[in-house]
Amino acid sequence: MILFKFPFKPEIFSVQGPAKEIPVRFVSFDEKETVTFSGMLTEVSEDDFLKMNLTMADEKSNGYLQFQEESKEEYQGKIEQVITFVKENNIPKLVLSRQKYLPYRSLSGSGEIDFTKSFLKLCSSYPNAFAYIFKDGDRSWMGAFSELLGRFNKNTSAFETMSLAGTLPLNEEWTEKEIEEQKPVSIYIADILKKYSNTIHISETYDHHSGNIKHLRTDYKAIIWKNDLDQIIEDLHPTPAVCGIPKEFCQKAIATFEKHPRSLYAGYIRIETDEEIQYFVNLRCASFTESGAHLYVGGGINAKSNAEKEWQETELKAAAILKNLITTDVI
């Protein structure tokens, strides 16, 4: 079961019917895991959605049973190590992530999450985001995010993507750290598109608001051959916004520094409709186990990073999901 909505659109869709097509596919960060939903894209009416009593699967994998959340001190210590690593290797950026564990018993109310109301609130809080909730076997995830890995128009052959990086609270001014964090993402994307198109349009960099935080964003549009689409996505993923640069070097470093598997976090979601093929980066998201929610968050580390600010950034990002979880009242 999957339910989702597209950016700037209120309609909620599902995948139903005979499994002749696979319109929705989740791909993990390391591209070793996939979750697919087969059938036809079907709009779900508001009345039908409100009647749903969404329950989530209880994921009981050994990885979760053995999981221990990093403390603030542990994470900040690791950030200091990454800052040193970035300087010693003279790399522009490396993305470090963490899991924030939220046991259900810590929630107000009965400690039982009302996933129907939570998903509606998530959609309302982030109208410019792609939002989803799914249950597949013993896996359950929910998320809402704005980063577009790619959008291909089947009729015009236009391909769109974006450079989205750097994070601050809405009321703070950009510093050199955030500007330097977004720059390599923009250069990386432009260099890839130049290999596939002679007609590339690049926007000015501007503020992109997402709930309680903002990012720096640059938009790209190019005309490509459809046969090149899969290779372009392969070249783009993972972008420096979720990995770092150079890509292969940073992927190996992430496997060394991070104590948890990213799984579907920082992977991407492919959705195909009659008119378009879209790819969204799976960022502000959480998986749900038998005892609690695992919130996935991260940030780009460069030579100008500050460990305390990086911790606060991950806390802000975790709130994207956390503040939208609604629990049932105790009777």
Quick check for you: with a 1.4 Å probe and neighbouring chains kept, what is the accessible area per residue of the stretch 200-331, in Å²?
41 Å²
Select from Ala131, Phe8, His260 the residue farthest towards the positive end of the dipole of the chain; place +1 on Cβ of Lys and Arg, -1 on Cβ of Asp and Glu, and compute about the Cα centre.
His260
Rank Ser210, Ser197, Ser14 by mean-square fluctuation in a GNM of the chain with C-alpha springs under 10 angstrom and give only the top-ranked residue.
Ser197
Starting with the highest mean, order 228-238, 162-172 by the number of other Cβ atoms within 10 Å, averaged over the residues of each peptide.
162-172, 228-238
Long pairs among Lys20/Lys154; Lys72/Lys252; Lys72/Lys259; Lys9/Lys51; Lys72/Lys100; Lys9/Lys100, criterion Cα-Cα beyond 18 Å
Lys20/Lys154; Lys72/Lys252; Lys9/Lys51; Lys9/Lys100
Under a 1.4 Å probe, what is the accessible area of the stretch 94-172 per residue, stated in Å²?
34 Å²
Counting helices only, and only those DSSP H runs with n ≥ 4, report the 222 nm mean residue ellipticity of the chain as the sum of -39,500 (n - 2.57) divided by its residues, in deg cm²/dmol to the nearest 500.
-8500 deg cm²/dmol
Once you treat every alpha carbon in the stretch 125-282 as an equal point and sum by Debye, what is log10 I(q)/I(0) at q = 0.12 Å⁻¹?
-0.56
For a protection proxy built on the mean count of beta-carbon atoms within 10 angstrom, sort 247-260, 36-49 highest first, please.
247-260, 36-49
Keeping the other protein chains in place, figure out the carbon and sulfur percent of the accessible area of the chain, with a 1.4 Å probe.
48 percent
Counting all C-alpha pairs of the stretch 1-61, share separated by more than 14 Å (%):
66 percent
Could you give the Stokes-Einstein D for the chain in µm² per second, using the C-alpha Kirkwood radius, 25 °C, 0.890 mPa s?
120 µm²/s
Inter-part gap, Cα centre of the stretch 68-100 to Cα centre of the stretch 256-330, in whole angstrom, is 16 Å
From the Cα centre of the stretch 115-151 to that of the stretch 184-207, the distance in Å is 27 Å
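The values are calculated or read from the model by the stated rules, or taken from the named source; none is laboratory data. Being a predicted model, the structure only gives us computed values, none of them experimental. Positions of Cβ are backbone-derived with ideal geometry, glycine not excepted, and every protein chain shown enters the neighbour counts. Just so you know, the surface numbers come from the protein's heavy atoms only, side chains and all, with ligands and any DNA or RNA stripped out. Shrake-Rupley method; radii C 1.70, N 1.55, O 1.52, S 1.80 Å.
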